[in-house]
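Notes for the one structure printed next.
The values are calculated or read from the model by the stated rules, or taken from the named source; none is laboratory data. Note that the coordinates shown come from a computational prediction; the quantities given were computed from them, not determined experimentally. No Cβ is skipped: glycine too gets one built from the backbone with ideal geometry, and neighbour counts run over all protein chains shown. These accessible areas exclude ligands, DNA and RNA; they are computed on the full protein's heavy atoms, side chains included. Shrake-Rupley method; radii C 1.70, N 1.55, O 1.52, S 1.80 Å.
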Amino acid sequence: MNLISVKDYVKLRKEEIKKEIISLLRKPKLVIIQMNDDVASNSYVKGKLKDAEELGIDASLIKLDESLNEEQLLKIIDEVNNHETVDGLIVQLPLPKHISESKIKESINPKKDVDGFHPLSKFKACTPKGIISYLTYLGFNFVGKNVVIIGRSNIVGRPLAKLLLDLSMNVTVLHSKTSIEDRNFYLKHADLVVLAVGKPYLLTKDVPLKKDAILVDVGISRLDGHLVGDIEPREDVLLQTPVPGGVGLLTRLSLMENVLEAYEDGISC
């Protein structure tokens, strides 16, 4: 296997995407709608805008007041949906409590839903897509291997499980109701372990794992003033993605790939 770091892989892919965008008739356009002042969301949006600028994608942010009602938000989304030069649209989560998240997700034009959240979206959800793309580049053999996913969210756990099943992996999804004994049994036989819970060091370094296991850490939390993942750092496995500087970079990269794909689909129509 080619054990390239996440940062080096993302850097390599960005160079490839930049070259492709330079040759286009116009810059792909991404619109981000944000209706919160959440610290984490602000950081995510800042990173997305930075990536877009670096790659030559025209990205703009529509920052809305949290007091707007659902009808007003839906009207803005509809305007962006119908804007001919907008290739991709995302609504940054979380949304205020008076807004239906599912209704907002379903209001986005599936052809522009580069987050991959709409039921009819042709795009893969960014985090699962990024993880699989990275593992594929490493040369990981999915077929017949065991993966344990801890976390069953609609953003990571569930869509990732489906994609890995499609790649002929033996998929086990664990959650908060799984006993520690059962969890450790499944982990002991896992070739790939993915944690997406958001609890600092939920998987401690004393839990027995295969020596050639790959650990993908999606979670990010603050512990004693430092950003940490769901998996305690360990050196007795083949590879462990870092936090920060790991899956977050893959997620943002996948978003940019989806925007480029949305542009190309629009041009070919």
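Points worth noting:
- With respect to (1) assigned to a helix (DSSP H, G or I); (2) under 29 Å from Leu12 (Cβ atoms); (3) open to solvent by 20 Å² or more (accessible area, probe 1.4 Å), the lone exception for Ser121 is condition (1).
A quick yes/no check of all residues on (1) without any contact (Cβ under 8 Å) to a residue 24 or more places away in the chain; (2) among the basic types (Lys, Arg); (3) over 30 Å from Ile214 (Cβ atoms):
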position	(1), (2), (3)
Met1	no, no, no
Tyr9	no, no, no
Lys19	yes, yes, no
Ser23	yes, no, yes
Ile33	no, no, yes
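- Checking every residue in the stretch 62-76 against the condition of being surrounded by 16 or more Cβ atoms within 10 Å (Cβ to Cβ), more than 19 Å from the chain's Cα centre (by Cα) and touching a residue at least 40 places away in the same chain (Cβ under 8 Å) gives at least one match.
- Criterion: in contact with a helix residue (DSSP H, G or I) (Cβ under 8 Å, 6 or more places away or on another chain), over 21 Å from Gly266 (Cα atoms) and open to solvent by 40 Å² or more (accessible area, probe 1.4 Å) - qualifying residue of Lys14, Lys103: Lys103
- Failed item, numbered, when Val237 is tested on (1) of a type in the set (A, V, I, L, M); (2) open to solvent by 50 Å² or more (accessible area, probe 1.4 Å); (3) touching a residue at least 12 places away in the same chain (Cβ under 8 Å): (2)
- Failed condition for Lys50, given (1) surrounded by 17 or more Cβ atoms within 10 Å (Cβ to Cβ); (2) assigned to a helix (DSSP H, G or I): (1)
- Qualifying residue in the stretch 238-256 (condition: modelled with pLDDT of 95 or more and more than 30 Å from Lys18 (Cα to Cα)): yes
- Test: residue in the stretch 183-203 that is among the basic types (Lys, Arg), under 19 Å from Gly139 (Cβ atoms) and at pLDDT 95 or above: no
- Residue selection: Ile76 fails the criterion of being part of a loop (DSSP other than H, G, I, E, B) and farther than 27 Å from Leu250 by Cβ.
- Lone unmet requirement of (1) among the aliphatic types (A, V, I, L, M); (2) under 26 Å from Leu227 (Cβ atoms); (3) at pLDDT 95 or above for Leu3: (3)
Listed here are the residues, each with its yes/no results for (1) of a type outside the set (Gly, Ala, Ser); (2) not in a loop (DSSP other than H, G, I, E, B).
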position	(1), (2)
Tyr9	yes, yes
Leu68	yes, no
Ser102	no, yes
Lys105	yes, yes
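- Selection of the stretch 1-55 for residues being aliphatic (A, V, I, L, M), under 30 Å from Asp65 (Cα atoms) and within 17 Å of the chain's Cα centre (by Cα) yields Leu30, Ile32, Ala40, Val45, Leu49, Ala52.
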